[in-house]
Amino acid sequence: MDRDVEIRKNRGATNPQRFDTIVREVFAPIYPVISQQIIAKTGVRSGKCLDVGCGTGALGRSIAKHSDLHVTYFDQSVEMMQLAMDYAKEENLIRRSDFLVGDIHDLKLQDNSIDLVISRGSSPFWVDWSRAYSEILRVLKIGGKAYIGGGFGTAQLRDEIVATMHARNPEWRKSFQEKLKPEREALPSIMQRLNPSAFEIIDDDSGFWIHIIK
Ligand SMILES: C[S@@+](CC[C@H](N)C(=O)[O-])C[C@H]1O[C@@H](n2cnc3c(N)ncnc32)[C@H](O)[C@@H]1O
């Protein structure tokens with residue numbers, strides 16, 4: 001395994017309790033903004049949604065609240081999945097929820113079965129983007145959409161969160177910015193090879209995202 005892959009693998013082990021606290025205390029306002037951006041951009045409001053690297057499930061729950069989508073929460077961490085399940089119960093979303101622990105590089109879902117794949121803040125941890133994006137395209141229905149990337153929704157939310165996180169840990173922004181670069185560089189050639197019907201890279205105040213249509 002090369003050094004970059006080793007580093008990404010280790011960084012994938014986000015501490016669930018610490019991450020849950022940050023989501024509740026700092027990130028919470030971004031999810032309604034991002035989920036509405038996703039729905040507006042993709043136009044997908046019903047059917048099946050897969051939230052890859054869902055963590056505690058905040059984005060998937062917000063998507064569920066703003067649409068009729070049934071959400072499968074998917075993460076490699078059993079502890080994150082337990083938190084995602086607890087919050088879905090608490091917020092009365094359990095009847096439109098499924099929970100699956102696994103690795104994006106080997107998605108145990110059927111071909112052509114998902115209408116919308118979403119993922120925020122997880123892809124920098126994936127060790128093989130080519131394989132991960134190929135799995136995402138495999139499970140999407142023809143014409144299905146994916147919206148994958150990272151960000152804070154708006155410039156104002158980003159700036160507020162960066163300031164709060166910087167006060168907690170001055171290295172925070174630098175460490176996550178370094179995680180983003182290799183995937184950004186690899187994505188255009190991966191998309192050229194996987195050849196979806198269309199894709200668009202969004203790099204603006206909402207964050208860095210790729211919108212893919214199968
Ligand atoms: C920074 S958290 C983001 C959580 C959530 N999407 C959010 O925005 O609140 C990244 C998540 O990706 C998950 N993850 C990392 N690599 C993964 C992989 N190969 N397969 C599935 N999940 C993965 C981690 O366990 C972690 O929960």
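When the Cα gyration tensor is reduced to axis lengths a ≥ b ≥ c, the ratio a/c is 1.5 or higher for segment 64-116, and with a/b not above b/c it is classed as oblate. Put +1 on the Cβ of each Lys and Arg and -1 on the Cβ of each Asp and Glu in the chain; which of H70, I104, A28 then has its Cα farthest toward the positive end of the dipole? Highest projection toward the positive end goes to H70.
Under the criterion of Cα pairs below 8 Å and six or more residues apart, the relative contact order for the chain equals 20 percent. Comparing R173, R96, R61 in a Gaussian network model of the chain where C-alpha atoms under 10 Å apart are linked, the largest mean-square fluctuation is found at R173. Summing Lys and Arg as +1 and Asp and Glu as -1 over all other residues whose Cβ lies under 10 Å from the Cβ of D75 gives a net charge of -3. Select from M81, G57, A198 the residue farthest towards the positive end of the dipole of the chain; place +1 on Cβ of Lys and Arg, -1 on Cβ of Asp and Glu, and compute about the Cα centre. Checked the options; the winner is A198. Within the chain, how many Lys pairs sit with Cα atoms under 16 Å apart, leaving out pairs fewer than 8 places apart on the same chain? Going through the chain pair by pair, I get 13. Each peptide among 85-91, 149-155 gets the average number of other Cβ atoms lying within 10 Å of its residues, and from highest to lowest they stand as 149-155, 85-91.
The distance between label points at E160 and I213 comes to 3.4 nm (points 7 Å beyond Cα on the Cα→Cβ vector).
Treating only the Cβ of Lys, Arg, Asp and Glu as charged (+1, +1, -1, -1), what charge dipole size does segment 75-143 show about its Cα centre? Round to the nearest 20 debye.
Magnitude of the dipole: close to 240 debye.
Taken about its Cα centre, the chain carries a charge dipole of about 260 debye when Lys and Arg each add +1 at the Cβ and Asp and Glu each add -1 at the Cβ.
Need one word for segment 16-128: rounded, prolate or oblate. Basis is the Cα gyration tensor (sqrt eigenvalues a ≥ b ≥ c); a/c below 1.5 gives rounded, then a/b vs b/c decides.
Rounded.
Give the shape of segment 66-214 as rounded, prolate or oblate, defined through the alpha-carbon gyration tensor: a ≥ b ≥ c are the square roots of its eigenvalues, a/c under 1.5 means rounded, and otherwise the shape is prolate if a/b is larger than b/c and oblate if not.
It is oblate, given that a/c is not under 1.5 and a/b is not larger than b/c.
Where a number appears in this text, it was derived from the coordinates with a stated rule and is not lab data. Here the structure is a predicted model, which means the values were calculated and not measured. Note that each Cβ is placed from the backbone with ideal geometry, even for glycine, and that neighbours are counted across all protein chains shown.
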